[in-house]
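What follows draws every value from the coordinates through simple rules; no lab data is involved. Here the structure is a predicted model, which is why all the values come from computation and not from measurement. A quick note on method: Cβ atoms are made from the backbone with ideal geometry, for glycine too, and the neighbour counts reach across all protein chains shown.
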């Protein structure tokens with residue numbers, strides 16, 4: 001669990017954790033990241049929140065999704 005910052009949306013904080021894990025090599029390029037259900041279980045958030053995390057990371061080019069397989073780290077994630 002993470003300590004939630006009251007002034008920042010939870011989806012944004014979880015997205016930052018995933019970005020940190022990508023940066024430190026926990027999730028190397030082309031590696032699958034946790035699914036919506038895994039994010040719900042790990043962080044105790046709603047499905048909508050977990051979906052928003054993955055959507056935002058896709059939108060900014062950090063992840064890509066393969067239908068039926070999941071979301072994966074892009075070869076060259078954008079720098080923060």
If you line up the long axis of helix 10-23 against the longest principal axis of the chain, both from Cα atoms, how many degrees apart are they, to the nearest 10?
40 degrees
Run the simple label-point estimate for residue 35 and residue 21 please: 7 Å along Cα→C-beta, distance reported in nm.
1.5 nm
Compute the helix-to-body angle for 47-59: its Cα long axis versus the longest principal axis of the chain, expressed 0 to 90° and rounded to tens.
40 degrees
Under a point spin-label approximation (7 Å from Cα along Cα-to-Cβ), what is the residue 4-residue 75 distance to one decimal in nm?
3.9 nm
For the stretch 16-80 the mean separation of alpha carbon contacts under 8 Å (6+ apart) over residue count, i.e. relative contact order in percent, is 35 percent
Per DSSP helix of 4 or more residues, -39500 (n - 2.57); summed, then divided by the residues of the chain. What does that give at 222 nm, rounded to the nearest 500?
-13500 deg cm²/dmol
